[in-house]
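Shown next, in structure tokens, is the structure this report addresses.
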Amino acid sequence: MSESDHRMPDLAEIQRAAQAVAGTAERTPYVISPSLTALAGREIGLKLEIRQPVGAFKIRGAANAVSRLSPEQASRGVGCCSTGNHGRALAYAAAKRGIRAIVCLSSLVPQNKVRAIEELGAEVRRIGKSQDDAQAEIDRLVISDGITDIPPFDHPDIIAGQGTIALELLEDRPDLDAIVVPLSGGGLISGIAIAAKAMKPAIKIIGVSMERGAAMQASLAAGRPMEVTELPTLADSLGGGIGLHNRWTFDICRRLVDEVILLNEAEIYRGMRHLATEEGLMVEGAAAVGPAALLAGKLKAPGPMAMIISGQNIDQQQFELIAAGKPVQIGDMMVEG
Ligand SMILES: *Cc1c(COP(=O)(O)O)cnc(C)c1O
């Protein structure tokens, strides 16, 4: 797409992205969590990306990528396949610039997310059972309609946009010891790791994924991008592979991510319930994995630690069940804390 397509994002690029996304993405609050701080015996702060206009951090990457389009690319429109929040963010950023957006989704994506994308004026197509099927449709549209594919994570402009979170975090809390990041395709953690480690080399970057389909973790363990089976999970925004032809995020994660923690569904449930009952926050499963890892006793850091509360786009009924401590159905399993 743009010339930055061929360049590894660095701190300067992420600072430039911060200018580009201002006015579309919010500068989100960093708040200390009293309950988690008491539990951990050290400061635990929450970076509230749930306060973004589309309810998730993905607006940062999407806004940055849309800002980089040439007038000619903008006239033909953009497209993506997405587990939901990227599609929603791209639809929002495209509408803001007045350009066409087409979003292809797998049938596993919850209906509330599909509706939200349509309400933003994007064209939605539901294709197959996996990200790969949805991606094939986008590849076809790139050829037939000349649209620009803006992928959810494996792109330098997306990575740079997500990295703007780390600039805000270290401005608010320069002595952070670690940043805990929900991990799927790795765009979020890559951008954060590049910016944070450029500013503060000793900072620890910790990824958290669900056991059910942790593609980046499996790939890091194997030393190359691996395919994993996509399974229903409470953390639906963390579903999907990293792409067998991954160009950027796998290498960045290999170099800069210090640790990856995996959680089972009951642990994720307890993280969501804790945020609901102790912090008054409605978040989706993917966003609760940092607090969930702490509650599960799987996180250690000597000093202040920030957790990215990445999104709030959860089905209302599912949220109410979890907040009330009742079992929820995920695929063919019942999950409870
Ligand atoms: C996309 C997403 C993630 C994971 O981001 P990656 O860049 O794919 O690792 C985490 N949480 C939420 C809410 C998301 O939408």
| request: Net charge near residue 27: determine it from the other residues with C-beta under 13 Å of the C-beta of residue 27, scoring Lys and Arg +1 and Asp and Glu -1. | output: -2
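Write down the percent of antiparallel bridges among all DSSP beta bridges whose residues are both part of the range 197-337, to the nearest 5. Walk me through the numbers on the way to the answer.
Details: 3 of 8 bridges.
Roughly 40 percent of the DSSP beta bridges within the range 197-337 come out antiparallel.
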| query | Which cross-chain or sequence-distant (5 or more) residues have an amide H under 5 Å from the amide H of residue 126, H modelled 1.01 Å from N in plane? | reply | 105
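Gain in length, residue 144 to residue 320, computed as 0.36 nm per residue apart minus the alpha-carbon separation, to one decimal in nm? Mind showing how you got there, number by number?
Values: separation 176, 0.36 × 176 = 63.36 nm, distance 4.36 nm.
Going from the current span to full extension adds 59.0 nm.
Please report the antiparallel percentage of DSSP beta bridges with both residues in the chain, rounded to the nearest 5.
Numbers: 7 of 36 bridges.
Of the beta bridges lying entirely in the chain, close to 20 percent run antiparallel.
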| Can you pull the percent of Cα pairs in the chain with separation above 29 Å? | 31
| Mind checking which aspartates and glutamates have their C-alpha under 16 Å from residue 96, skipping anything on the same chain fewer than 8 residues away? | 26, 118, 119, 123
| field | For the range 42-89, the spread of Cα positions along each principal axis, largest first, Å | value | 51, 20, 15
| Considering the chain, which cysteines have no disulfide-compatible partner, defined as another cysteine with its Cβ under 4.7 Å away? | 80, 253
| request: Would you work out if the range 183-337 is rounded, prolate or oblate? Take a ≥ b ≥ c from the square roots of the eigenvalues of the alpha-carbon gyration tensor; rounded if a/c is under 1.5, else prolate when a/b is larger than b/c, oblate otherwise. | output: oblate
| Per-residue HN-Hα couplings for the range 100-110, Karplus 6.51 cos²θ - 1.76 cosθ + 1.60 at θ = phi - 60°, whole Hz, x for Gly and Pro? | 5, 9, 10, 10, 9, 10, 7, 6, 6, 6, x
| request: In Å³ and rounded to a whole number, note down the convex hull volume per residue for the Cα atoms of the range 113-209. | output: 129
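Specify whether the C-alpha gyration tensor of the range 31-115 places it in the rounded, prolate or oblate class, a ≥ b ≥ c being the square roots of the eigenvalues: rounded for a/c under 1.5, otherwise prolate if a/b is larger than b/c and oblate if not.
Numbers: a/c = 3.75, a/b = 2.00, b/c = 1.87.
Verdict is prolate for the range 31-115.
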| task | For residue 47, list the lysines whose Cα falls under 24 Å from its own Cα; do not include residues on the same chain fewer than 8 positions away. | result | 58, 113, 197, 200, 204, 298, 300
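Enter the per residue convex hull volume of the range 201-261, computed from alpha-carbon coordinates, in Å³ rounded to the nearest integer. Write down the numbers at each step before the final one.
Values: hull volume 5.2 nm³, N = 61.
Taking the convex hull of the Cα positions in the range 201-261, it is 85 Å³ per residue.
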| request: Please say if the range 254-293 is rounded, prolate or oblate, where rounded means a/c under 1.5 for a ≥ b ≥ c the square roots of the C-alpha gyration tensor eigenvalues, and otherwise the choice is prolate for a/b larger than b/c and oblate otherwise? | output: prolate
| task | Calculate one ³J(HN,Hα) per residue across the range 92-97 by plugging θ = phi - 60° into the Karplus curve 6.51 cos²θ - 1.76 cosθ + 1.60, and present them in order as whole Hz with x for glycine and proline. | result | 5, 5, 5, 4, 4, 8
| message | Please list, in order along the range 59-66, the HN-Hα scalar couplings obtained from phi with the Karplus expression 6.51 cos²θ - 1.76 cosθ + 1.60 (θ = phi - 60°), rounded to whole Hz, x for Gly and Pro. | response | 4, 5, x, 5, 5, 5, 4, 5
| note | Rounded to the nearest Å, the spacing of the alpha-carbon centers of the range 145-217 and the range 279-307 is 16
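Which whole number in µm²/s is D for the range 75-170 by Stokes-Einstein, with the Kirkwood Rh taken over Cα pairs at 20 °C and 1.002 mPa s?
The estimated diffusion coefficient comes to 158 µm²/s.
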| message | Give me, ordered by chain and number, the residues 5 or more places off residue 330 or on other chains with an amide H under 5 Å from its own placed amide H. | response | 335
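Throughout, read-outs are computed from the coordinates displayed, never taken from laboratory work. Just so it is clear, the structure is predicted and the values come from calculations on it, not from any experiment. Glycine gets a Cβ as well: all are built from the backbone with ideal geometry, and neighbour counts include every protein chain shown.
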